[in-house]
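One structure is given here, and the rest of the page talks about it.
The values are calculated or read from the model by the stated rules, or taken from the named source; none is laboratory data. Worth saying up front: this structure is predicted, and the values here are computed from it rather than measured. Neighbour counts run over all protein chains shown; Cβ positions are idealised from the backbone, glycine included. Ligands, DNA and RNA are stripped out before the accessible areas are found, and what is left, the full protein with its side chains, is counted by its heavy atoms. Shrake-Rupley method; radii C 1.70, N 1.55, O 1.52, S 1.80 Å.
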Amino acid sequence: MEQRVLGRTGRPVSVVGLGTWQLGADWGDVREEDALAVLDASVEAGVTLFDTADVYGDGRSEQLIGRYLKGRPDAEVFVATKFGRRVEQRPEHYHLANFRAWADRSRANLGVERLDLVQLHCPPTPVYSSDEVFDALDTLVAEERIAAYGVSVETCAEALTAIARPGVASVQIILNAFRLKPLEQVLPAAAAAGVGILARVPLASGLLSGRYTARTTFAADDHRTYNRQGEAFDQGETFSGVDFATGVEAAAEFAGFAPEGATPAQTALRWIIQQPGVTTVIPGARNPEQARANAAAAGLPPLSEETLAAVRDLYDRRIRPQVHDRW
């Protein structure tokens with residue numbers, strides 16, 4: 001699989017990584033053996049980046065990754081974790097003592113002495129402007145608790161503020177065919193600064209797979225049931241903030257753009273891979289078949305100019321009118 005350097009970490013990673021939120025919680029139940037099988041299928045398919053967080057299943061996702069990698073010392077996987085969501089979201093909680101405690105917990109969960117990458121996990125907006133916060137992160141690097149740090153953001157404005165920080169190695173942001181705003185400023189700014197981009201929610205919570213209809217339902221413990229209006233966390237994390245009915249209709253049209261031999265989901269991932277400035281796209285997978293199919297998107301030929309134009313037209317007609325004011 002193609003490898004790209006993840007910004008200021010200097011580390012090469014696969015263009016398709018694996019998001020592991022679903023291995024912890026909020027996507028319905030995933031059995032341990034199934035989770036480990038997903039990790040293994042991803043590695044066998046060439047994936048070299050796992051993205052996780054300390055709150056995914058209260059550490060379960062990190063622990064599963066640590067257990068898997070302990071048994072696969074030959075797997076050269078870069079693990080990007082996140083912290084900051086274990087406390088009430090107030091800027092004063094983002095300080096060195098908490099950072100040390102959170103990093104140490106993640107180190108224990110993953111079974112490592114030093115974390116490859118820690119990302120601030122969508123903190124309150126004022127955190128991005130705090131010199132003390134980034135001084136504390138620099139301290140964690142100096143103490144060798146972490147090798148590098150980045151941010152996971154909700155808005156383009158937060159991303160641009162973070163990119164201006166000299167120590168920020170990467171920015172994780174929602175980017176998919178239903179969320180194009182980062183293309184305008186964030187990706188060019190990141191490329192100019194040498195900051196890596198992790199594209200999350202690449203399938204708009206599964207919408208872009210083309211498998212859902214207006215009658216599709218999800219489990220009660222799946223965020224696609226309980227967070228459609230942002231009741232639990234940022235609405236953009238669920239279906240990219242797009243109304244479900246609108247998204248289903250748009251996804252049906254998007255499915256028609258898939259080239260011969262590719263699924264709609266693979267087409268959506270391929271679209272992200274070829275956006276200038278993207279380092280890695282991090283789809284989730286609930287079973288090995290999904291993991292292998294996601295990884296295979298890296299081997300697809302680039303989408304044609306006609307397809308790229310069709311994606312933009314679909315966004316402008318169906319998605320932008322619905323979400324413009326909120327974004």
> What ranking, highest mean first, results for peptides 190-196, 279-285, 41-47, 97-103 when packing means the other Cβ atoms within 10 Å averaged over each residue?
Replying inline: 279-285, 41-47, 190-196, 97-103
>> So if I restrict to the alpha-carbon atoms in the chain, what is the Rg, and what is Dmax, the biggest pairwise distance, in Å?
In response: 18.4, 53
>> Using DSSP to call loops (not H, G, I, E or B), can you name the trypsin sites (Lys or Arg not before Pro) in region 222-298 whose Cβ has at most 12 other Cβ atoms within 10 angstrom?
In response: none
> SER129 label point, 7 Å along Cα→Cβ, cut-off 20 Å on backbone N: hits in region 154-192?
Replying inline: 154-168, 186
> Using alpha carbon coordinates only, what is the Rg to Rh ratio of region 1-140, with Rh defined as the Kirkwood radius?
Replying inline: 0.97
> Which FRET efficiency, nearest 0.05, do GLU306 and LEU183 yield, Cβ-Cβ r, R0 22 Å?
Replying inline: 0.75
> How far apart, in nm, are the 7 Å Cα→Cβ label points at ASP313 and ASN287?
Replying inline: 3.6 nm
> So what is the accessible area of the chain per residue, in Å², with the probe set to 1.4 Å?
Replying inline: 40 Å²
>> So if I take the centroid of the Cα atoms in region 42-85 and the same for region 121-142, what is the distance between those two points in Å?
In response: 23 Å
> Counting only protein heavy atoms, what percent of the accessible surface of region 1-40 is carbon or sulfur at a 1.4 Å probe?
Replying inline: 46 percent
> Given a 1.4 Å probe and every protein chain left where it sits, what share in percent of the accessible area of region 170-291 is carbon and sulfur?
Replying inline: 50 percent
> When the convex hull of the C-alpha atoms of region 171-210 is computed, what volume per residue in Å³ does it have?
Replying inline: 51 Å³
> Tell me, what are the semi-axes, in whole angstrom and largest first, of the equivalent ellipsoid of region 185-242 as set by the roots of 5 times the Cα gyration tensor eigenvalues?
Replying inline: 29, 14, 8
>> Could you order the peptides 143-156, 11-24 from most to least packed, using the average number of other C-beta atoms within 10 Å per residue?
In response: 11-24, 143-156
>> What translational diffusion coefficient, to the nearest whole µm²/s, does region 184-327 have by Stokes-Einstein, given a Kirkwood radius computed over alpha-carbon pairs, a temperature of 4 °C and 1.567 mPa s viscosity?
In response: 81 µm²/s
> Based on the Cα coordinates of region 32-95, what is the per residue volume of their convex hull in Å³?
Replying inline: 90 Å³
